[in-house]
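Single-structure report; data block below.
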Amino acid sequence: MSLKKIKQLFNIEKGVLQSSKCIEGEYDFITAAADWKTHNEYTHDCEALIFAAAASGSLGRTHYVNGKFISSDLCFILTPKEPEKLPVNLRFYHIIFNLYKNEIVAATKAGTSKEAIGLRVFGEYELPYFDISIQQKVKAEFGKAEALKNDLFDEYTYQLTLLENLNQAILQEAVQGKLVPQDPKDEPASELLKRIKAEKATLRQAQGKGKKEKPLPPIKPEEIPFDIPENWVWCRLGEIISISSGDGLTSYQMDKSGNIPVYGGNGINGYHSKFNIDSKRIVIGRVGAYCGAVHITEDKGWVTDNAFIVSYSVENIDFNWLAFFLKALDLNKLSYKGNQPVISGARVYPLVVPLPPLSEQKRIVAEIEKQFALTKQLKEHIIANQQATEQLLKALLHQAFEVKEMEEVNS
């Protein structure tokens, strides 16, 4: 075995297609993400490795491809440089790049908020080089173990999906009043709703909004999707919450030296030195693929205009119940679909929802947290098994390299 620079083994070129300009077609469009897309044109028809060089979440991921394809401009395309002098088995080096992913990224990345790997420094990185016959033997041996790992990972993925479905089922049970027993001593939710409406009207008047709020239409019997407990009540979502957009703040305007989390369409998307909320709040993504996603902020934060801040009656609605409840509603299904999905109050407020008594809200939260703690433990166990399997496979590969290296020395 010897060490060779990546640029000695491979021709390295940058991909050309921006993901935003992808047009669905018949050819593979390989990006930094795990899943590929398609495009209506291709730039290459060959065997190659695609290395993610400028996508922080996927930095260092390597794909193997053989056929007609086009690559993202966030990736490098690697093809054999001197097949006669330094032959390489691309399947073997697909294994090598993934095996040494963390080491390659740590040694070559640059940047802070947006990490990336430059083509020059990438080309200088040294990888182990073996005789082609050893490459082929190791690839064949590793292929069997890789197949077993893939089967195990499919099972792990299936188990994680089941857990996610279980969490959703727990939330649905909660929404329908089936998670905890009802207490006849609880104040009926109809009385709770009266107080919430009165508080909203008083607040509106105090804010100088003299014009009466446009009433939501009465609930028709055919709108009610399921039965609820006797002391619950149906209402429109706009009767118990209000939503308002945050304040515009682009990534260029953020003060990167700050430690105040900035909330956008899908949770935290940066940090800033100022805040526009000074208490823990529920926010809902307003724009983007994840619009409708529900997040709970830190005590201080900045909510951008890509998200809604939820206001509600603190005296009459439990904060944690409301957060769980909004997550269970899957508000993304209410979005306007288009180039830029978006939700609005016009879509959210008319939603017909069940309201439980305040005391039951608190019991529901306690039961959800109890059951979610159990599913979290199971999830952590599955992830630990995944990581152990990955480490075992790497150890086997390192062992194979050591054996082959000794064979080279002794031959």
Lone qualifier among I104, I170, I134 - being among the β-branched types (V, I, T), in a helix (DSSP H, G or I) and closer than 30 Å to K376 by Cα: I170
Residue that is nearest to the chain's Cα centre (by Cα), among those in segment 31-51 that are modelled with pLDDT of 95 or more and of a type in the set (A, V, I, L, M): I50
Candidates L90, L99, L162, filtered to the one that is exposed (fewer than 15 other Cβ atoms within 10 Å of the Cβ) and aliphatic (A, V, I, L, M): L162
Pair list, Cβ < 7 Å and 6+ apart or interchain, from segment 188-204 residues that are surrounded by 13 or more Cβ atoms within 10 Å (Cβ to Cβ) to residues that are in a helix (DSSP H, G or I) and β-branched (V, I, T): I196/I240
Positions within segment 18-30 being surrounded by fewer than 22 Cβ atoms within 10 Å (Cβ to Cβ) and under 24 Å from the mean Cα position of the chain (by Cα), in sequence order: Q18, S19, S20, K21, C22, I23, E24, D28
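Here's the yes/no breakdown for (1) crowded, with 18+ Cβ neighbours inside 10 Å; (2) under 28 Å from R195 (Cα atoms); (3) out of contact with any helix residue (DSSP H, G or I) (no Cβ under 6 Å at 6 or more places or on another chain):
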residue	(1), (2), (3)
I241	yes, yes, yes
S251	no, no, yes
K256	no, no, yes
I260	yes, no, yes
I268	no, no, yes
H295	yes, yes, yes
D299	no, yes, yes
Selection from segment 56-87 of residues that are β-branched (V, I, T) and either part of a helix (DSSP H, G or I) or buried (at least 20 other Cβ atoms within 10 Å of the Cβ) (or both): T62, I70, I77
Residues that are more than 28 Å from V314 (Cα to Cα) and part of a strand (DSSP E or B), drawn from segment 256-270: G270
D131 modelled with pLDDT under 95, surrounded by 15 or more Cβ atoms within 10 Å (Cβ to Cβ) and out of contact with any Phe, Trp or Tyr (no Cβ under 8 Å at 6 or more places or on another chain): yes
Elements of type strands (runs of 3 or more DSSP E) in segment 282-329, at least 2 residues being over 21 Å from the mean Cα position of the chain (by Cα): 307-312
Residue within segment 247-255 that is hydroxyl-bearing (S, T, Y), in a strand (DSSP E or B) and either more than 27 Å from S190 (Cβ to Cβ) or touching a Cys at 6+ places or on another chain (Cβ under 8 Å) (or both) present: no
Residues that are in a strand (DSSP E or B), in contact with a Ser or Thr (Cβ under 8 Å, 6 or more places away or on another chain) and either of a type in the set (D, E, K, R) or free of Cβ contacts under 8 Å to residues at least 12 places away in the same chain (or both), drawn from segment 15-55: D28, K37, E47
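The values are calculated or read from the model by the stated rules, or taken from the named source; none is laboratory data. Keep in mind that this is a model prediction, so the values were computed, not measured. Glycine also receives a Cβ, built like all others from the backbone with ideal geometry; neighbour counts cover every protein chain displayed.
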